[in-house]
Structure formats: C-alpha cells, structure tokens
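K.L.:
Submitted below is the structure of interest, expressed as structure tokens.
The numbers here are math on the coordinates, done by the rules we state, and not lab data. Note that the structure is a prediction, hence the values are computed from the model and not measured. Heads up, the Cβs are rebuilt from the backbone with ideal geometry, glycines too, and the neighbour counts pull from every protein chain shown.
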Amino acid sequence: MNLVETLVASVILVISSSCSLQLWASSSSSAAVAEQRQHLLGQLEIALLGSQARLTALAAEPVATDCADAARWLAVHLQSQPLAAGLSRVVSAEPGALVRVQVSAAEVGQRQRWLSPAAYGLCGPKQPTTAPITEEQTDATL
Amino acid sequence: MLSSLSLQAAALQSRSQVSAGQRLRQAEDGLMSAAQHLLADPLSVDQLAARVGETGQVGPVAYRLVSLTGPSWQDTAEAGAPQRGRAVATLELLASAEQPRPLQAAFALELLRQAIPEGLAPPQLVALRELGLRGRSAAVGAP
C-alpha cells in the first residue's frame with residue numbers, strides 16, 4: 001500500500017466516522033426528546049384521570065339538588081386539586097350541567113374531557129342526604 | 001454507520017407509535033365525554049332505553065348511543081337496604097376528519113335504588129366506568 005492509498009483510506013475512515021457520530025448524536029437527542037414527550041403525555045393522562053377519580057371518590061354524595069349548581073361547585077373543586085409541574089389546567093362549568101377539564105403541556109398539546117356531576121350521583125331531584133363536602137374533607141380523601 | 005441508521009429508524013418508529021397512541025387517547029376522551037353528556041340529565045336514566053340510536057354532540061365530539069343492556073339488579077342482603085344494579089351502554093364516536101373510523105366503547109352505569117315504604121324508589125345513577133375501547137381494557141383510576 002503506497003502513501004496515496006493510505007491517505008485516501010484515512011480520509012474515507014474520517015468522513016465515515018464523522019457521519020456516524022453525527023447520526024448517533026442526532027438519534028440520542030431525538031430519543032431524549034421522545035422520552036420527555038412520553039413523560040409529559042403520561043402526566044397529562046394522570047391529571048385527567050385524577051380529575052375523573054375525584055368524581056368517583058365523591059360519588060353518591062349529592063352536593064346540590066340542581067345539577068348546574070353541582071357543576072359550578074365541581075369546577076371550583078377540580079381546579080383546586082394539585083397538578084404536576086409543567087402542566088396547566090382549566091376547569092369550567094359548561095351549559096347542560098357539564099364540567100370541562102382541559103389539561104395542557106407546552107410541548108405535547110392538550111387533552112380535555114367533559115364530566116357530568118349527574119353521572120356520579122352528585123346532584124338530582126333528591127335532597128342531599130349529607131352536608132356539602134368541604135374542600136378540607138375532599139383534599140383529605142385524595 | 002449501519003447501527004446509527006438503525007437507531008434513526010427505531011426513533012422514527014417510536015415517534016409514529018406515540019402519535020398513534022395520542023389519537024387513541026383522544027378517541028377515549030371523546031367517548032368518555034359522550035357518555036358523560038348522555039347522562040348529564042339525572043332524569044334520563046329511566047329513559048335511556050328509548051334513546052338508543054339517538055345522536056348527540058358535546059364540544060367537537062359527535063356520538064350515537066348504540067345499545068343499552070340491563071339494568072340487572074342484585075338481590076338485597078337485608079330488608080330496607082338499597083339495591084345495587086348495573087346497566088351497560090355502548091356508544092359510538094361518529095366518524096370525523098380526525099377519526100375516520102367510527103369507534104365504540106362500552107360503559108357500565110352503576111345504579112342504586114332505595115327501599116321506600118311503597119317499594120323501591122326510581123334508580124339513581126351513582127357511577128360511570130369505562131369498560132373498554134374496542135376490547136382494550138381501560139386504565140381509569142386514581143393516579
């Protein structure tokens with residue numbers, strides 16, 4: 001092998017290694033971004049299901065006779081629940097005695113669900129059998 | 001070089017899986033919202049059977065009540081105790097631009113009826129649980 005062949009082989013080796021390293025770096029960085037994204041998506045899921053789990057925990061304990069009143073109470077209650085860092089949540093009472101829970105994270109977008117106090121026995125024509133649940137009581141059961 | 005390319009291919013595959021998962025979760029959100037909307041009126045529990053085939057809309061979600069089975073009632077353990085029952089409603093998310101295929105999910109409606117001197121009071125809905133989207137069991141619960 002003469003000098004020219006050695007030089008060409010070295011240049012090929014350097015270029016190939018450099019390309020390979022760049023691809024590795026790019027793959028590693030996109031894997032880290034994907035992992036962070038998955039983590040945030042998981043947090044969104046937890047936040048949304050956590051709100052729904054609150055309704056399940058409160059089930060069959062009417063907070064108001066009128067479902068629109070129950071929806072307003074529930075919106076305030078769910079908005080006051082703790083939330084993971086990096087997420088934001090908007091809870092609003094909607095027409096039709098529904099509550100809209102919207103959780104979002106900057107990098108992954110948002111998820112939303114409409115929840116109904118009537119579907120969990122939190123309102124209805126029957127008079128409440130217990131006193132309305134206070135924030136302190138509900139926080140303690142979370 | 002080849003291993004780098006295979007790593008890139010794996011990253012692309014993982015990204016497409018994440019986006020498919022996101023679409024599925026949005027469909028689940030839509031179906032759960034539809035079930036909640038269907039049951040937003042407390043007087044409607046008794047009238048649900050008559051609403052099979054009806055369509056509804058909540059936010060951007062359009063749905064149809066496909067079927068309702070039950071309610072089936074448990075035998076009460078003691079006299080005067082409330083009786084527990086369950087009905088199963090199947091809802092379909094109507095096809096849209098984002099979700100071209102109609103998706104269905106079943107929901108369990110947990111019911112309770114109190115014993116009163118005249119017999120039993122009308123059933124009261126006390127909980128709603130997702131039974132599964134297209135056969136996939138749902139992980140609904142407290143974090």
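K.L.:
If you take every residue apart from A:Glu94 with its C-beta less than 12 Å away from the C-beta of A:Glu94, what net charge results, scoring Lys and Arg +1 and Asp and Glu -1? All intermediate terms of the calculation are to be shown ahead of the outcome.
P.N.:
On the way: positive: A:Arg72, A:Arg100, A:Arg113; negative: none.
Its environment carries a net charge of +3.
K.L.:
Let me have the 222 nm mean residue ellipticity of chain A computed from DSSP H runs of 4+ only, each contributing -39500 (n - 2.57), with the sum over all residues rounded to the nearest 500.
P.N.:
Calculated mean residue ellipticity at 222 nm is -19000 deg cm²/dmol.
K.L.:
Right, another one. Which distance in nm do the two modelled labels at B:Arg101 and A:Glu5 give, with both placed 7 Å along the Cα-to-Cβ direction?
P.N.:
Here the modelled spin labels are 5.9 nm apart.
K.L.:
Here is a further query. For B:Thr69 and B:Ala108, compute 0.36 nm times the residue count separating them, minus their Cα-Cα distance, and round to one decimal in nm.
P.N.:
That works out to 13.1 nm of additional length.
K.L.:
Then there's this: So for the range B:1-121, what percent of the C-alpha to C-alpha distances run longer than 21 Å? Each step should come with its number before you reach the end.
P.N.:
Numbers: 3968 of 7260 pairs.
When every Cα pair of the range B:1-121 is considered, 55 percent fall beyond 21 Å.
K.L.:
Relative contact order of the range A:2-141, please, whole-number percent, based on alpha carbon pairs below 8 angstrom and at least 6 residues apart.
P.N.:
So the answer I get is 27 percent.
K.L.:
Let me ask you something else. Please give the average number of partner chain Cβ atoms lying within 10 Å of the Cβ of each residue in B:108-118, rounded to a whole number. Spell out each step's value before the answer.
P.N.:
Numbers: counts 0, 1, 6, 1, 3, 0, 2, 0, 0, 0, 0.
Average per residue, whole number: 1.
K.L.:
What's log10 of I(q)/I(0) for the range A:53-103 at q = 0.21 Å⁻¹, Debye sum over Cα points only, no solvent?
P.N.:
Debye output, listed in q order: -0.76.
K.L.:
Given just the C-alpha atoms of the protein assembly as shown, how large is their convex hull per residue in cubic angstrom?
P.N.:
170
K.L.:
Treating only the Cβ of Lys, Arg, Asp and Glu as charged (+1, +1, -1, -1), what charge dipole size does the range A:2-141 show about its Cα centre? Round to the nearest 20 debye.
P.N.:
Here the range A:2-141 has a charge dipole of around 240 debye.
K.L.:
Give me the percent relative contact order of chain B, please, defined on Cα pairs under 8 angstrom at least 6 residues apart.
P.N.:
17
K.L.:
Count, for each residue of B:119-131, the Cβ atoms from other chains sitting within 10 Å of its Cβ, then give me the mean as a whole number.
P.N.:
Shielding by partners across B:119-131 averages 4.
K.L.:
Excluding B:Ser67 itself, calculate the net charge of residues whose Cβ lies under 13 Å from the Cβ of B:Ser67, where each Lys or Arg counts +1 and each Asp or Glu counts -1.
P.N.:
Details: positive: B:Arg51, B:Arg64; negative: B:Glu54, B:Glu92.
My count for the surroundings of B:Ser67 gives 0.
K.L.:
Computed on alpha carbon atoms, what radius of gyration and Dmax characterise the range A:2-141, expressed in Å?
P.N.:
26.6, 98
K.L.:
Let me ask something else about it. For the pair A:Ser88 and B:Leu131, what calculated FRET efficiency results from E = 1/(1 + (r/R0)^6), where r is the Cβ-Cβ distance and R0 = 45 Å, to the nearest 0.05? Let's see the in-between values first.
P.N.:
Working: r = 31 Å, r/R0 = 0.69.
That gives a FRET efficiency of 0.90.
K.L.:
Can you pull out the cysteines in chain A that have no other Cys Cβ under 4.7 Å?
P.N.:
Isolated Cys, chain A: A:Cys19.
K.L.:
Looking at B:Leu5, B:Leu111, B:Val66, which one has the Cα that reaches farthest to the positive end of the dipole of chain B (charges on Cβ: Lys, Arg +1; Asp, Glu -1)?
P.N.:
Looking along the dipole axis, the top candidate is B:Leu5.
K.L.:
Cα centroid distance between the range A:35-57 and the range B:38-107, in Å?
P.N.:
24
K.L.:
Can you give the mean number of other chain Cβ atoms that lie within 10 Å of the Cβ atoms in peptide B:32-39?
P.N.:
Rounded to a whole number, the mean comes out at 6.
K.L.:
To the nearest 10 degrees, how steep is helix A:67-79 against the longest Cα principal axis of chain A, on a 0 to 90 scale?
P.N.:
Computed tilt is about 40 degrees.
K.L.:
Quick check: pseudo-label points 7 Å beyond the Cα along Cα→Cβ at B:Leu120 and A:Leu13, how many nm apart are they?
P.N.:
Between B:Leu120 and A:Leu13, the simple spin-label model gives 8.5 nm.
K.L.:
Take A:Thr6, B:Thr90 and order them by how many other Cβ atoms sit within 10 Å, fewest up front. Mind showing how you got there, number by number?
P.N.:
Values: A:Thr6 10, B:Thr90 18.
Listing A:Thr6, B:Thr90 from fewest to most nearby Cβ atoms yields A:Thr6, B:Thr90.
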